[in-house]
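For reference, the structure discussed in these notes is given below.
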Amino acid sequence: MLTGMQIAVIGGDARQLEIIQKLTELDARISLIGFEQLDHAFTGAVKEKINEVDFSNIDAIILPVAGTNLEGQIETIFSNEKVVLTEDILLKTPEHCTIYSGISNAYLNGIVKAAKRKLVQLFSRDDVAIYNSIPTVEGTIMMAIQHTDFTIHGSNVTILGLGRCGMSIARAFHGLGAKVKVGARRSEHLARITEMGVTPFHLSNIEKEVTDTDILINTIPKLVVSAAVIAKLPAHTLVIDIASKPGGTDFRYAEKRGIKALLAPSLPGIVAPKTAGQILADVLSQLLQEDLVNRKGNK
Ligand code: NAP
């Protein structure tokens, strides 16, 4: 149980509703910031504006999956107000206050470090990232179907990266009957790609390998789908880039060449917010309960 814990949930999409539901069931008290347009009410959760919250009582802050943008602004689907997380706000919290987000960036890392608070990035945990790859795959399949006039079955699908998402995407497209190739740079990844029954290639050969690609799916958060790579793609290729913003594609050059290239953020929040929210809610409730037990033990 989270009895006695005061948690600020700031912004986010429908995934946060599962988190709020779970934490209120566990008896936490919640300040909801950036939710004033949400019709639903949760027992034990109060909607507040960021400047109304008494942060000196807040034991944990839960941010959306993306955390903040590079100016500190937090995405708020259920509000029109601009919500910005600052170092000053973190300094008002008790020293034990932990900040939870999916991923982080230089701004969020900077204010957390300056305020000497702890940041937990849920997606750096393999379990969360692997569970989350399931709705991500379904969202990627949805985009491939929506933006092509040919079947996935029989298509040449090139996937870049064999991380938690790349592996799941490769397996699913292979299962749907696509001719799948996966590009990676580590020899153990090339070995795993071979073991999975799909075709491996080293990323250093990417320009040669993409010339017959119908659908190119990038999972690498670095500029790998460069102008030189795009120049080698057939004109009909669909590029789906799921890597975190700004993605790994030269979108400017793709547009210039007339190649359809889509940055596809937050797929789990779009195709399966309930499941994606439950994945986060389960791990967050476990971490918050551990935090509470540790603090009681230290007293
Ligand atoms: P991951 O497990 O860390 O995998 C990342 C992959 O990128 C690994 O194969 C890694 O290979 C490769 N990589 C990283 N830097 C590279 C570089 N400079 N050159 C070549 N390869 C490089 O991450 P993940 O969980 O699969 O997630 C992948 C991306 O998708 C992340 O940006 C994540 O935030 C994003 N994501 C988006 C959605 C969505 O809905 N759009 C959903 C989930 C995740 P090495 O092991 O060789 O470094």
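Show that you can apply the helix-only estimate: for the chain, add -39,500 (n - 2.57) for every DSSP H stretch of four or more residues, divide by all residues, and state [θ] at 222 nm to the nearest 500. Please list the in-between numbers first.
Working: 11 runs with 114 residues, N = 299.
-11500 deg cm²/dmol, from helical runs alone.
Starting at 0 and stepping by 10 Å, how many percent of the alpha carbon pairs of segment 30-150 end up in each bin?
Spelled out per bin, shortest first, that is 12, 36, 33, 15, 4, 1.
Return the lysines within reach of K179: Cα separation strictly under 21 angstrom, same-chain partners fewer than 8 residues apart disregarded; answer none if there are no such residues.
Once the sequence-local lysines are set aside, what remains near K179 is K208, K232, K260.
Using a cut-off of 15 Å between beta-carbons, work out the net charge of the residues near K222 (Lys and Arg +1, Asp and Glu -1, K222 not included). Present the calculation step by step, with values, prior to reporting the outcome.
On the way: positive: R185, R186, K245; negative: D241, D250.
Computed value for this residue: +1.
Report, as a whole number in µm² per second, the diffusion coefficient that Stokes-Einstein gives for the chain at 37 °C and 0.692 mPa s using the Kirkwood radius over alpha carbon pairs. List each step's numbers first, then the result.
Details: Rh = 20.6 Å.
Translational diffusion coefficient: 160 µm²/s.
I need the Debye-formula profile for segment 178-292: one equal scatterer per C-alpha, no solvent, reported as log10 I(q)/I(0) at q = 0.12 1/Å, two decimals.
-0.55
In a Gaussian network model over the chain where Cα atoms closer than 10 Å are linked, find which of A106, A261, A276 has the largest mean-square fluctuation.
For the chain, modelled as a Gaussian network with Cα springs under 10 Å, the answer is A106.
If one puts a single equal scatterer on every Cα of segment 1-95 and applies the Debye formula without solvent, what log₁₀ I(q)/I(0) results at q = 0.17, 0.19, 0.21, 0.25 Å⁻¹?
After summing over all Cα pairs, the log10 values are -0.68, -0.86, -1.06, -1.47.
Tell me the trypsin sites (Lys or Arg not before Pro) within segment 1-110 that lie in a loop according to DSSP and have at most 15 other beta-carbon atoms within 10 Å. Before the final figure, lay out the partial values.
Working: sites: R15, K22, R29, K47, K49, K82, K92; in loops: K49, K82.
Hits after loop and neighbour filter: K49, K82.
Quick one, can you get me the convex hull of the C-alpha atoms of segment 120-185 expressed as volume per residue in Å³?
84 Å³
For the chain, with all protein chains present and a 1.4 Å probe, just round the carbon and sulfur fraction of the accessible area to a whole percent.
Details: 7400 of 14130 Å².
Here carbon and sulfur together make up 52 percent of the probe-accessible area.
List, in the order given, every pair from K222/K296; K82/K118; K47/K222 whose Cα-Cα distance in the structure shown is over 31 Å.
From the list (K222/K296; K82/K118; K47/K222), the Cα-Cα distance tops 31 Å for K222/K296; K47/K222.
Net charge around L2, counting only other residues with Cβ within less than 15 Å of its Cβ (Lys, Arg = +1; Asp, Glu = -1)?
-2
What are the GluC sites (Glu not before Pro) within segment 1-54 that DSSP puts in a loop, where the Cβ has at most 15 other Cβ atoms within 10 Å?
E36
Scan around K179 for amide H atoms under 5 Å from its own, H built in the peptide plane at 1.01 Å from N, and keep only partners 5 or more places away or cross-chain.
Under 5 Å from the amide H of K179 lie the amide H atoms of G154, S155, N156, V157, each far enough along the sequence or on another chain.
Please identify the DSSP H helices in the chain that span no less than 27 Å along the helix axis (Cα) and have a mean Kyte-Doolittle hydropathy of -1.0 or more.
Helix filter hits for the chain: 126-146, 273-298.
Hey, got the Cα dimensions of segment 46-107 along the principal axes, in Å, largest first?
So the three principal-axis extents are 25, 25, 17 Å.
Please calculate how many Å² of accessible area segment 136-215 carries per residue, with a 1.4 Å probe and no DNA, RNA or ligand atoms counted. Display every interim value, and only then the final one.
Details: 3830 Å² over 80 residues.
Heavy-atom SASA per residue in segment 136-215 reads 48 Å².
Quick check: net charge around K22, other residues with Cβ under 13 Å of its Cβ, Lys/Arg +1 and Asp/Glu -1?
Net charge around K22: -2.
Of all DSSP beta bridges in the chain, what percent run antiparallel (nearest 5)?
The antiparallel fraction comes to roughly 5 percent.
The values are calculated or read from the model by the stated rules, or taken from the named source; none is laboratory data. Worth saying up front: this structure is predicted, and the values here are computed from it rather than measured. Quick reminder, even Gly has a Cβ in these numbers, built from the backbone with ideal geometry, and neighbours come from all protein chains shown. Protein only, heavy atoms only, side chains kept; ligands, DNA and RNA dropped before computing areas. Shrake-Rupley method; radii C 1.70, N 1.55, O 1.52, S 1.80 Å.
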